[in-house]
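The values are calculated or read from the model by the stated rules, or taken from the named source; none is laboratory data. Computed from a prediction, not measured in an experiment: that's the story for all the values here. So basically every Cβ, Gly included, is an ideal-geometry build from the backbone, and we count neighbours across all protein chains shown.
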Amino acid sequence: MRFQPVIGLEVHVQLKTSTKIFCGCSTSFGSQPNSQTCPVCLGLPGALPVLNKKVVEFAIKAGLSTNCSITPRSVFARKNYFYPDLPKGYQISQFEDPICQHGWLDIDVNGETKRIGITRIHMEEDAGKLVHGDVSGLEEGSGVDLNRACTPLLEVVSEPDLRSSDEAVSYLKQLHQIVTWLGICDGNMEEGSFRCDANVSVMPVGSATLGTRAEIKNVNSFKFVKQAIEYEIQRQIELIEDGGTVVQETRLFDPNSGKTRSMRGKEEAHDYRYFPDPDLVPLVIDEAWVERTRHGLPELPEQRRQRFMTDFALSDYDAGVLTASRELADYFESCVSLDVNAKSVSNWVMGEITRSLNDSGTSIAQCPVTPPLLVGLLKLIDGGTISGKIAKTVFDEMWRSGKDPAVIVEEQGLVQVSDSGAIEAIIDEILTREAGQVEEYRSGKDKLFGFFVGQVMKASKGKANPAVVNELLLGKLKGR
């Protein structure tokens with residue numbers, strides 16, 4: 001029997017606000033355990049939550065950017081369950097009336113576009129964190145750190161439209177790009193700012209009845225999401241083929257073994273006994289607020305990619321790389337605005353700039369080679385002052401010192417030699433020295449031309465103008 005995977009994702013997006021969703025405590029990461037708490041996020045009796053307006057603004061931005069409709073009147077609910085890191089015994093979330101509904105994202109997999117539905121986006125508070133073992137003086141057992149309790153989250157729930165791990169990863173990457181592009185999430189998956197629960201089931205090909213799903217909890221990398229889904233699909237297929245039954249449960253993924261394992265039986269939604277939170281009034285969002293937010297949205301990644309292809313004649317690949325982040329796209333466009341060839345900028349940004357950023361662990365925002373400096377370098381190449389090879393030497397010095405490229409060229413005597421007489425003298429010396437290679441070239445070994453060019457460039461310490469070298473060298477070898 002052949003099986004069809006069915007996958008739905010629940011993505012938790014931690015919002016980049018300075019304070020929590022229902023109190024004024026800081027959301028900064030890495031502070032001492034339980035140092036960022038108050039009666040509200042500790043769930044003490046009599047403490048009342050107050051909604052952070054910035055969280056609502058971020059939710060509206062996320063909804064509009066994922067083609068959702070914004071609910072005019074949404075309510076908060078108490079989701080009741082008991083866990084050591086949930087001090088109130090319930091989580092404030094949204095159930096019947098989430099702030100965003102009925103959206104979609106288009107993803108590309110293997111050259112094909114597929115639309116993935118988004119059921120809902122709702123606001124909620126995060127729980128705390130359990131700390132196990134020898135951490136912060138804890139020699140054994142477990143401790144509870146409630147710094148994360150009440151941190152604002154958006155939960156983005158997809159329709160079960162995904163049919164492979166590749167589709168799931170493509171969807172996740174696009175959603176990650178949007179929330180970081182908007183500036184509402186830092187996207188740090190290692191710190192849990194962007195994490196995913198994957199609901200996975202299988203059904204016979206051609207069936208209209210969905211299989212029993214297992215939920216893989218809190219996967220925090222694209223690589224692990226792919227591995228976890230692929231393992232779970234295979235596990236369920238083998239279980240069914242062996243005569244077993246898939247049970248609805250929550251599972252955890254172990255990156256070391258590449259396997260999922262059972263964590264607990266999965267409760268249905270009604271087992272959480274949702275009811276409206278009596279301490280929070282319904283949230284009313286008028287159309288004017290929605291439209292103000294819509295007009296304030298930045299140009300989104302897909303729109304910018306298309307514009308780069310149209311305005312700058314870039315390939316789909318180049319435009320995709322340059323719009324991988326909003327900061328990188330801004331850097332590229334700042335360079336182009338300084339009257340330089342877009343393709344040249346694209347090549348250098350995707351080449352030397354990206355390489356140097358990766359090697360140094362630097363973000364584009366801290367790039368020491370600013371757009372004016374890079375454009376100055378490209379204009380020296382275009383004007384024939386330096387060669388492309390010398391330009392890379394100049395770039396490395398720019399990266400190290402932050403100096404203007406023209407200053408570096410002057411200080412180090414790197415001006416390109418275009419004088420035909422000087423270059424001809426170098427060529428004559430090399431052809432005399434390599435007489436045997438000259439005879440081989442003239443007997444038909446045309447590939448030796450590159451050898452002669454390399455020798456000339458080496459002798460000139462890379463300063464000879466390549467165009468002049470090629471022209472003079474070809475004439476000499478042809479006997480002209």
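Among all residues of segment 162-183, there is at least one that is on the phi > 0 side of the Ramachandran plot and within 15 Å of the chain's Cα centre (by Cα). Can you tell me which condition THR119 does not meet? The list is (1) touching a strand residue (DSSP E or B) at 6+ places or on another chain (Cβ under 9 Å); (2) at positive phi, and all the others hold. (2) is the only condition that THR119 fails. Taken over segment 361-387, the residue count meeting the criterion of being touching a helix residue (DSSP H, G or I) at 6+ places or on another chain (Cβ under 8 Å) and polar (S, T, N, Q) is 4.
Within segment 261-284, residues that are closer than 19 Å to ILE21 by Cα reach partners that are at pLDDT 90 or above and of a type in the set (S, T, N, Q) with beta carbons closer than 6 Å, at six or more positions or on different chains, in the pairs LEU283/SER74. Residues that are in contact with a helix residue (DSSP H, G or I) (Cβ under 9 Å, 6 or more places away or on another chain) and either charged (D, E, K, R) or without any contact (Cβ under 8 Å) to a residue 60 or more places away in the chain (or both) within segment 161-184 comprise ASP161, ASP166, VAL169, LYS173, HIS176, listed in sequence order.
Out of all the residues in segment 61-70, is one or more closer than 25 Å to SER158 by Cβ, among the small types (Gly, Ala, Ser) and loosely packed, with under 15 Cβ neighbours inside 10 Å? Checked segment 61-70: at least one residue is closer than 25 Å to SER158 by Cβ, among the small types (Gly, Ala, Ser) and loosely packed, with under 15 Cβ neighbours inside 10 Å.
Filter segment 430-480 down to the residues that are of a type in the set (A, V, I, L, M) and touching a residue at least 60 places away in the same chain (Cβ under 8 Å), then identify the one that is surrounded by the most Cβ atoms within 10 Å (Cβ to Cβ). Restricting to residues being of a type in the set (A, V, I, L, M) and touching a residue at least 60 places away in the same chain (Cβ under 8 Å), the top hit is ALA464. Can you spot a residue in segment 363-382 that is polar (S, T, N, Q), outside the structural domain of MET457 (by TED's automatic domain parsing), without any contact (Cβ under 8 Å) to a residue 60 or more places away in the chain and surrounded by 16 or more Cβ atoms within 10 Å (Cβ to Cβ)? No: segment 363-382 contains no residue that is polar (S, T, N, Q), outside the structural domain of MET457 (by TED's automatic domain parsing), without any contact (Cβ under 8 Å) to a residue 60 or more places away in the chain and surrounded by 16 or more Cβ atoms within 10 Å (Cβ to Cβ).
Taking the stated definitions as given, is ALA406 part of a helix (DSSP H, G or I), out of contact with any Asp or Glu (no Cβ under 9 Å at 6 or more places or on another chain), under 30 Å from THR370 (Cβ atoms) and assigned by TED's automatic domain parsing to the domain that holds ILE353?
On the way: part of a helix (DSSP H, G or I): yes; out of contact with any Asp or Glu (no Cβ under 9 Å at 6 or more places or on another chain): yes; under 30 Å from THR370 (Cβ atoms): yes; assigned by TED's automatic domain parsing to the domain that holds ILE353: yes.
In short, yes.
Entry remark, segment 17-67: residues being closer than 13 Å to THR151 by Cβ, among the aliphatic types (A, V, I, L, M) and in contact with a Ser or Thr (Cβ under 9 Å, 6 or more places away or on another chain) number 2 in total.
Just one of (1) at pLDDT 95 or above; (2) under 30 Å from ARG292 (Cβ atoms); (3) of a type in the set (Ser, Thr, Tyr) fails for THR37. It is (2). Criterion applied to ARG261, ARG251, ARG355 was being in the same structural domain as VAL40 (by TED's automatic domain parsing) and surrounded by fewer than 12 Cβ atoms within 10 Å (Cβ to Cβ), and the one residue passing it is ARG261. Quick one: which residue in ARG355, ARG433, ARG400 is under 28 Å from the mean Cα position of the chain (by Cα) and more than 24 Å from PRO301 (Cβ to Cβ)? Exactly one of ARG355, ARG433, ARG400 is under 28 Å from the mean Cα position of the chain (by Cα) and more than 24 Å from PRO301 (Cβ to Cβ), namely ARG400.
Checking each residue in segment 246-295 for being on the phi > 0 side of the Ramachandran plot and at pLDDT 90 or above picks out only GLY258. Of all residues in segment 396-415, those being surrounded by 15 or more Cβ atoms within 10 Å (Cβ to Cβ), among the β-branched types (Val, Ile, Thr) and either without any contact (Cβ under 8 Å) to a residue 24 or more places away in the chain or closer than 15 Å to ILE353 by Cα (or both) number 1. State yes or no: is LYS217 surrounded by fewer than 22 Cβ atoms within 10 Å (Cβ to Cβ), outside any helix (DSSP H, G or I) and not small (Gly, Ala, Ser)? So LYS217 fits the description; yes. The set of residues from segment 1-57 being among the charged types (D, E, K, R), assigned to a loop (DSSP other than H, G, I, E, B) and within 27 Å of the chain's Cα centre (by Cα) comprises LYS16, LYS20.
Identify, from the list GLY244, GLY187, the residue that is free of Cβ contacts under 8 Å to residues at least 24 places away in the same chain, of a type in the set (Gly, Ala, Ser), closer than 30 Å to THR27 by Cα and surrounded by fewer than 21 Cβ atoms within 10 Å (Cβ to Cβ). Even if it seems obvious, please write down each step before you answer.
Details: GLY244 fails: closer than 30 Å to THR27 by Cα.
Answer to the selection: GLY187.
Take the conditions (1) more than 23 Å from the chain's Cα centre (by Cα); (2) surrounded by 15 or more Cβ atoms within 10 Å (Cβ to Cβ); (3) more than 30 Å from GLY111 (Cβ to Cβ); (4) of a type in the set (Gly, Ala, Ser); SER334 misses just one of them, which is (1).
Looking only at segment 156-173, residues that are assigned to a helix (DSSP H, G or I) and crowded, with 18+ Cβ neighbours inside 10 Å come to 7 in all. Which of the residues spanning segment 94-118 are surrounded by 15 or more Cβ atoms within 10 Å (Cβ to Cβ) and of a type in the set (Gly, Ala, Ser)? Listed by number, the residues that qualify are GLY103, GLY117.
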